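J.: I am attaching a structure below and will ask some questions about it afterwards.
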Amino acid sequence: MATEIITPVQMYWLTRLTPLGQGLAFIITLLFIIAVVHFVAGCVMQDDTFEDHTHETGTKLIKRSPLLAAAGIVFLVVNCLLPTTREMAAILIVPRVANSEKVQTAGNHLYDLAVEWMEELRPAKNKEGGAK
């Protein structure tokens with residue numbers, strides 16, 4: 001089996017995943033705050049005490065708020081599916097280690113040693129029917 005190496009591009013993205021997730025979390029928060037502000041400001045501006053152009057602006061703000069919230073939800077889903085640096089390291093490294101011939105051979109030897117050790121530690125039974 002050929003040994004696969006981690007490329008510089010993979011290393012770069014491996015180091016950038018956590019900050020990318022943090023940046024997305026910041027953008028998500030801003031989008032939801034802006035959506036709420038647009039909705040509240042739009043409701044206030046639609047009050048009959050304001051001028052007509054303010055009423056129209058309020059309607060536009062209210063129509064814009066679901067779009068901002070939808071964009072926030074899309075970014076939230078992307079952020080949930082984006083692995084962290086540690087998760088991506090596990091995704092890249094664990095299969096390589098688990099599929100390594102050395103690890104598989106060592107695993108078999110460790111298993112045999114563990115079985116032998118348990119056999120040696122098993123309490124000997126007394127021939128008269130009681131345990132020591």
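The values are calculated or read from the model by the stated rules, or taken from the named source; none is laboratory data. For clarity, every value in this text was computed on a predicted model and none was experimentally measured. Don't worry about glycine lacking a Cβ; one is built from the backbone with ideal geometry, like all the others, and counts go over all protein chains shown.
J.: Please go through region 86-132 and pick out each residue that is modelled with pLDDT under 75, hydrophobic (A, V, I, L, M, F, W, C) and exposed (fewer than 10 other Cβ atoms within 10 Å of the Cβ).
T.: Scanning region 86-132 gives A124, A131.
J.: Now a separate question. Need pairs with beta-carbon distance below 9 Å; first residue under 16 Å from R86 (Cα atoms) and within region 1-16, second among the basic types (K, R) and at pLDDT below 85; sequence gap 6+ or separate chains.
T.: I6/R96
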